[in-house]
Amino acid sequence: MSTAHDVTRREAIAQYRLIGEPSEPDLQGLVELAATVCGVPTAVINIIDDRMQHQIAAVGIQAASCEREDSMCAAVISNPGRVVVPDARLDPRFANNAFVTGEIAFTRFYASSPLITPAGVAIGTLCVFDTEVGELSDASSRALDLLAHQVIDVLELRRVQRDLLESNEQLEHFATQVSHDLRNPLTALTGFLELAADSPEMAGAPRAAQSLARAEAAAGRMTSMVTDLLDFARMGGARPHKTRVDVADTVDAVLEDLDGALARTGAEVTVEASVLVRADDTLLRVLLQNLIANAVKFTVAAGKPPAVLVRVEALPDGWRITVDDNGEAVAPDLRERVFEPMQRGHGSDVQGIGIGLATCRRIVEAHGGSIGLDDSPAGGTRAWFVLPAEKAA
């Protein structure tokens, strides 16, 4: 019958999703290091639930599972702590164990350190053993404890990464559903407003026509906000598919998409960026479109005809891409904050909800790079980001 401790242990193990999964390379490296440090041929990471012992990484033997009653580590996990046994035949806890008597193995020397989660639950051990009688020095004993802590660190890191991926997927699904639910009534609202604005009655009602135009603009802004929020949610789970991308071609595609806005503002965009980089073509396009659109939008807000320069600089270990404008520089104390969602570096009269730069940061960080803002030599703001080159194998 399972005890309360067994149930707690089983739930803690389930969070890590270890059973039946391939061995993690990092865990395999830790058992190999444990065997080397302790001077024995065999080391294993044992996960012990209420019924079985599961070896999730091993060196010196083939990782396998066995009944909990046959496990040497199960005999000590109820009172977690480092255990060092020079000769298991002389220890009453192990003398009749199948791993000692020869039924399964002929273990003599045995040492283990418990695997204790941050919540204080012992889920198994890092165990080293030998068929020869042996001993463990104080330094090796401390090293075994340290490696056991490292095993938990690896398991925690993998759990957190998995939880984040699942959270991002849920966020994207939620955002997609909300976007769909909001866009339908917004589309209908915009359609009715357009019909009302085009009706003959509006010709003799200038104030009503003006109110309708303001309502149309508000509906347009709301649609843009929904799109921005959906893009931001999608970038949360972005996993770049990197290929060789010509930045100049990507900028050309962006300028084609922004053609209407560029024509309305009289913006001039100069591109000095015919360089091949390693990036996800689609994500790079979203990134550059946000930065170029921002440069144009905020330069217009500063009362200047926009002049934007896009350049690429090759670095020893990657590329630095800059987007300069001639508007107003973002204040130094705001240059980090504007990359957070719903934060803005300019006045509220500029359209937008402060999602664009947060999306840009997500894209750049998904590529393993960095992004920031500086003063531009053109007098406005320089947005820059660094894409790392692929490391040689």
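The values are calculated or read from the model by the stated rules, or taken from the named source; none is laboratory data. Just so it is clear, the structure is predicted and the values come from calculations on it, not from any experiment. Heads up, the Cβs are rebuilt from the backbone with ideal geometry, glycines too, and the neighbour counts pull from every protein chain shown. These area figures cover heavy atoms from the full protein model, side chains too; ligands, DNA and RNA do not enter into them. Shrake-Rupley method; radii C 1.70, N 1.55, O 1.52, S 1.80 Å.
Rounded to the nearest 500, the 222 nm mean residue ellipticity of the chain from helices alone is -15000 deg cm²/dmol, with -39,500 (n - 2.57) taken per DSSP H run of at least 4 residues. Principal axis extents of the Cα atoms in the stretch 66-127, from largest to smallest and rounded to whole angstrom, are 37, 24, 16. Over all projection directions, the Cα-based convex hull of the chain averages an area of 27.5 nm².
Tell me the carbon and sulfur percent of the accessible area for the stretch 1-108, rounded to whole percent, probe radius 1.4 Å.
On the way: 2880 of 5710 Å².
On the stretch 1-108, the fraction of accessible area on carbon and sulfur atoms equals 51 percent.
Evaluating 6.51 cos²θ - 1.76 cosθ + 1.60 at θ = phi - 60° for every residue in the stretch 82-95, the Karplus couplings come out as 5, 10, 10, 10, x, 9, 5, 5, 9, 9, x, 5, 10, 4 Hz, glycine and proline recorded as x.
For the stretch 280-325, the extents of the C-alpha atoms along the principal axes are 39, 22, 9 Å, listed from largest to smallest.
Amide hydrogen proximity for residue 327: with H placed 1.01 Å from N in the peptide plane, the residues at 5 or more positions away or on another chain lying under 5 Å are 380, 381. Positive contributions from Lys and Arg (+1) and negative ones from Asp and Glu (-1), summed over other residues with Cβ under 15 Å from the Cβ of residue 34, come out at -4. Using the 1.4 Å probe convention, the accessible area of the chain works out to 53 Å² per residue with neighbouring protein chains retained. Shown in residue order for the stretch 123-132 are the 3J(HN,Hα) couplings computed by the Karplus curve 6.51 cos²θ - 1.76 cosθ + 1.60 at θ = phi - 60°: 10, x, 9, 9, 10, 10, 7, 8, 7, 10 Hz (x for Gly and Pro). Angle, helix 138-198 long axis vs. longest principal axis of the chain, Cα atoms, 0 to 90°, nearest 10? Helix 138-198 sits at roughly 30 degrees to that axis. Taken over the stretch 1-68, the percentage of Cα pairs per 10 Å bin, counting from 0 up to the bin with the maximum distance, is 21, 45, 28, 6. Among the protein heavy atoms of the stretch 284-323, carbon and sulfur supply 53% of the accessible surface, probe 1.4 Å, non-protein parts ignored.
In square nanometres, what is the average projected area of the Cα convex hull of the stretch 76-220? Show your work: numbers first, answer last.
Working: hull surface 61.3 nm².
Its Cα hull, projected and averaged over all orientations, spans 15.3 nm².
In the chain, the longest principal axis of the Cα atoms and the axis of helix 247-257 are about 50 degrees apart.
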